[in-house]
Each structure stands twice: as structure tokens, then as C-alpha cells.
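In what follows, a single structure is set out as C-alpha cells and then discussed.
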């Protein structure tokens with residue numbers, strides 16, 4: 001095991017990906033789908049042998065600067081590894097190109113959940129493979145956030161430390177020495193994997209009890225914990241769990257609001273109590289207020305349509321708004337069945353712009369969610385609040401401790417820089433997509449969906465649902481790069497371009 005862990009990170013991930021191919025192979029065998037079973041079994045066996053050979057060739061040449069090698073490995077994971085993961089998917093969808101299968105795996109691994117295929121176009125085992133890759137990608141995002149990005153002041157932790165992004169370690173967790181990234185990866189993997197797996201298993205059982213089939217429940221459970229939004233039946237409405245299933249998913253989506261929902265994460269703590277956690281409180285505030293505003297909007301529409309006395313439809317509209325807001329805030333993208341019922345009740349269209357804004361905000365730092373992240377939004381809010389106080393009392397003392405002061409000053413500054421970089425990224429992706437012939441609305445929705453890793457946004461935010469499969473090759477390539485950028489975040493890419501990062 002020690003020699004295995006000494007291998008390059010990308011080689012280890014190749015081995016994990018190859019072994020994971022046996023899961024859909026076993027499912028295909030149980031379903032007596034022999035062609036699909038052979039595609040996954042042969043691919044897994046071939047790549048397992050190839051991984052072993054690459055491991056033997058690289059184990060004698062360890063990286064001299066592990067932080068740099070691991071950050072580069074993150075880029076390779078989201079760009080090169082999907083080529084291997086796409087081979088069995090391409091075999092079971094022979095009518096499509098390897099590029100489309102690679103794009104599908106990039107979407108799954110980055111937990112975007114966008115798909116080029118209609119649900120009926122893929123066999124059940126292929127849907128399981130997509131959900132499994134998304135589940136692995138979500139766990140990989142969890143581990144690398146606290147093991148690689150946090151010690152480098154990336155991934156949102158730079159807001160708390162106030163140190164330059166990509167430089168230095170989080171001092172609160174490093175007392176005697178700077179731990180090796182490989183050691184941190186192993187430690188956090190063993191700390192988080194049992195909880196991550198147990199939560200997925202628990203939600204799977206609950207969804208089965210609520211009425212979903214085993215495959216649908218497994219895919220929805222993995223997609224909820226990974227916030228990928230991957231579904232073999234086109235969304236929650238295609239399953240059989242109904243409101244009970246949505247309620248269970250709603251509860252488990254709370255794990256994407258703050259890193260403190262997971263055990264073992266002690267880096268850069270702002271407070272020691274979940275009830276005082278700013279990310280969790282801000283997330284709950286958004287989930288409580290936005291659905292009420294949407295419900296008021298629908299109620300006004302129902303009043304004009306003279307259907308306001310339909311109490312059952314009103315309650316279903318309120319629940320549909322609450323679930324959908326929670327889902328898109330955590331960048332999962334599941335749409336409640338009652339979200340459509342609200343339109344029927346009020347006669348109004350869905351406010352897609354609000355859902356796009358929620359995905360831009362995103363979930364918590366060091367979670368599976370994408371977007372700008374709640375902690376950065378909270379830092380900007382506290383900075384604005386403090387500036388308003390200084391307008392009234394210019395000589396006042398802010399107080400609340402050194403961490404709060406750092407959050408309001410350096411933290412807010414770097415949060416604003418990241419927000420501007422995120423907005424600039426949206427503009428650049430929109431510009432690139434416009435060169436492929438797409439209109440303004442489509443480029444806006446697709447850019448936000450890719451950079452916030454919320455693939456289902458394309459079907460609900462635009463006036464007319466946008467089909468990912470209708471895009472040309474150039475647009476797909478641009479959006480694949482945007483998905484990788486959204487998962488890694490702009491500051492990590494900038495850190496790779498920093499000359500100081502390459503010295504030594």
C-alpha cells in the first residue's frame with residue numbers, strides 16, 4: 001500500500017478509474033446485457049494493466065516538488081483522465097464519436113452533469129457509469145480541496161487567511177512542519193470516504209423506500225452527494241419517489257452548504273459551531289427568502305388568474321420553489337416536480353435568471369458544489385456592512401476578532417478579485433461561444449452552466465430548453481474547457497502561471 005501511495009496522483013486515479021469500470025460491468029451482467037458488460041470489463045482490465053505498467057515506469061522518479069505536481073495532476077485529472085473513462089462509454093454508444101464520450105466524462109467528473117444524450121439513448125449500465133464517475137469526481141473535489149488547495153490558499157481558503165493565493169500554507173493547521181500533500185491526501189481520504197459512502201448508501205435506501213427503483217435511487221443518491229445532477233430518467237420527476245424523495249434529497253443537499261458538515265476538516269476554521277457558521281447561515285437565509293419571494297410572485301399571478309383559493313396548489317408551489325432553490329444553490333440542478341406545478345397554478349413562466357444567479361453564488365468552500373462560493377459572498381457582505389458603518393461612525397472600531405477583521409479586509413479584497421475573474425471568465429466564454437454562431441441567451445446560459453458546474457441549468461434557465469447535444473464540436477470544446485476552469489477555479493490556474501510557483 002505504501003508503494004502504491006508513492007505513485008503519481010494521476011496514476012493512482014487511473015487505477016481507481018479502471019477498477020471502477022467493473023461496477024457497471026457487474027450491473028450489466030446482472031441485467032444480462034452482455035455487450036455492455038464486455039465493453040466495461042475489457043476496458044477495465046486493459047487499463048488496469050496499462051496503469052500497472054505506467055506505475056512501474058514512474059515509481060522510481062518521484063516528483064521533486066509535490067505541491068506543484070499535485071496541482072498539475074488536478075489539471076490532468078479533468079482533461080486527460082476522461083479519455084480513459086470515455087472508452088467503455090464510446091463502445092456502448094458506437095454511433096457517437098470518442099470526442100462526445102470524452103466530453104460526457106469531463107461533464108461527469110467535474111460534477112457538471114450536462115449530457116449530450118437523451119436518457120433513452122443510453123443503456124442503464126452507462127447511466128450508472130456516468131453517475132459513478134460524477135460521484136468519484138465529487139469525492140475527489142472534497143479531498144483535494146482540503147489536502148491540496150487549502151494549504152496553498154486556494155479554493156476559497158484564501159478568504160480566511162488573507163495570504164496571497166497559491167503561496168504558503170494555512171498556518172493554523174501546520175504547527176511543526178508542512179505536511180506532504182500525499183500524506184494529506186491519504187489522511188483526508190480515509191477520514192472522508194466512510195462518511196461520504198455511508199451518506200450515499202443511506203440516501204439510496206431512503207429513495208428506494210420512497211418508491212424509486214434501485215438504479216434510479218443509486219444514481220440520484222450519488223448525484224446528490226456529488227451535486228452532479230445526473231439522472232437516468234431525466235430528473236426527479238422521472239422517478240417514483242415523489243415529494244418524499246425530494247424531501248430526502250433536500251436534507252442531504254445541506255452537506256453542500258458548508259465544509260463543517262463533514263468530519264475531519266480542521267483547516268482555517270472561522271467558528272467552532274455549525275450554528276455560527278457563516279456559510280451555513282447564509283445558505284439557509286437564501287433558501288428561506290428566495291422561495292418566499294418566488295411564491296409571492298406566483299401568488300400574484302394566481303390572484304390574476306383567480307386560482308389563489310387552490311391551497312394544495314399553493315403549498316406545492318412553495319415546496320417546489322424551496323427544493324429547486326436549494327438544488328440550484330448547491331449547483332446540483334435537480335428540478336422539483338412541483339416547480340412545473342407552480343407555473344400551472346400562477347400562469348407565469350419560471351424565473352430562469354434567478355436560478356442562474358443562485359448557481360453563480362454556489363455552495364460552501366471545500367464541498368462538492370461549484371460557483372463563487374458562499375464564503376466569498378459572505379466576505380463581500382461583511383465588507384459592505386462595515387463600510388456602511390464607517391459612513392455613520394468614521395472612527396469606530398470594527399471588532400469581532402482578528403479573523404473577522406481579516407475577513408472584512410484582505411478576505412473581501414481577494415473575494416472581489418475572484419468574483420471579477422469569474423465574471424470575466426463568463427464574458428470570455430460567451431464571446432468564444434458567440435463565434436460559433438450561438439445567440440446571446442444561449443451563450444449566457446451555457447457559460448454560467450459550465451463555469452458553475454450546473455449542467456441542468458441549460459434546460460430550465462432559457463426561455464426554450466437548450467440541448468447540449470445540438471452544439472457543434474467547437475462549442476463543446478469551449479464548454480469542456482469552461483467546466484474544467486469552473487471546477488479548478490481561476491485562482492488555481494493563475495497560481496500555475498506564477499513564476500514563483502515554478503522556482504525551486
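The values are calculated or read from the model by the stated rules, or taken from the named source; none is laboratory data. Treat the numbers as computed from the prediction; the structure is a model and nothing was measured. For neighbour counting, all protein chains shown are included, and Cβ atoms are generated from backbone atoms with ideal geometry for every residue, glycine included.
The set of residues from segment 1-34 being surrounded by 13 or more Cβ atoms within 10 Å (Cβ to Cβ) and without any contact (Cβ under 8 Å) to a residue 24 or more places away in the chain comprises 12, 22, 26, 29.
Any chance segment 237-249 includes a residue that's within 30 Å of residue 406 (Cβ to Cβ), modelled with pLDDT under 95 and surrounded by 23 or more Cβ atoms within 10 Å (Cβ to Cβ)? Before the answer, list the steps.
At the first step, the residues of segment 237-249 found to be within 30 Å of residue 406 (Cβ to Cβ) are none.
No; the residues of segment 237-249 include none that is within 30 Å of residue 406 (Cβ to Cβ), modelled with pLDDT under 95 and surrounded by 23 or more Cβ atoms within 10 Å (Cβ to Cβ).
Set side by side, the residues 82, 88 differ, and just one is modelled with pLDDT of 95 or more, farther than 23 Å from residue 482 by Cα and assigned to a helix (DSSP H, G or I), which is 88.
Residues are listed down the side, and each one gets a yes or a no for (1) at pLDDT below 95; (2) touching a helix residue (DSSP H, G or I) at 6+ places or on another chain (Cβ under 6 Å):
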| site | (1), (2) |
| --- | --- |
| 218 | no, yes |
| 252 | no, yes |
| 274 | yes, yes |
| 310 | yes, no |
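Residue-wise test of (1) surrounded by fewer than 24 Cβ atoms within 10 Å (Cβ to Cβ); (2) touching a residue at least 40 places away in the same chain (Cβ under 8 Å); (3) on the phi < 0 side of the Ramachandran plot.
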| residue | (1), (2), (3) |
| --- | --- |
| 91 | yes, yes, yes |
| 94 | yes, no, yes |
| 110 | no, yes, yes |
| 120 | yes, no, yes |
| 136 | yes, yes, yes |
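Taking segment 105-135 as the range and being touching a helix residue (DSSP H, G or I) at 6+ places or on another chain (Cβ under 7 Å) and not in a helix (DSSP H, G or I) as the test, the residues that pass are 110, 111, 112, 113, 114, 115, 116, 117, 123.
In segment 275-291, the residues that are in the same structural domain as residue 327 (by TED's automatic domain parsing) and more than 11 Å from residue 260 (Cβ to Cβ) form Cβ pairs under 7 Å with partners that are part of a helix (DSSP H, G or I) and at pLDDT 95 or above, at six or more places apart or across chains, as follows: 283/329; 286/329; 287/326; 287/329. Among residues of segment 57-79 being over 18 Å from residue 492 (Cα atoms) and outside any helix (DSSP H, G or I), the one that is modelled with the lowest pLDDT is 64. The set of residues in segment 324-346 being part of a helix (DSSP H, G or I) and at pLDDT 95 or above consists of 326, 327, 328, 329. Checked against the criterion of being in a helix (DSSP H, G or I) and within 30 Å of residue 482 (Cα to Cα), the candidates 19, 49 yield just one match: 19.
Okay, residues lined up against (1) part of a helix (DSSP H, G or I); (2) in contact with a helix residue (DSSP H, G or I) (Cβ under 6 Å, 6 or more places away or on another chain); (3) modelled with pLDDT of 80 or more; (4) more than 28 Å from residue 193 (Cβ to Cβ):
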site	(1), (2), (3), (4)
264	no, yes, no, no
271	no, no, no, no
303	yes, no, no, yes
322	yes, yes, yes, yes
348	no, yes, no, yes
353	yes, no, yes, yes
367	no, yes, yes, no
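Among the residues making up segment 153-162, those that are in a loop (DSSP other than H, G, I, E, B) and either at pLDDT 65 or above or crowded, with 23+ Cβ neighbours inside 10 Å (or both) are 153, 154, 155, 156, 157.
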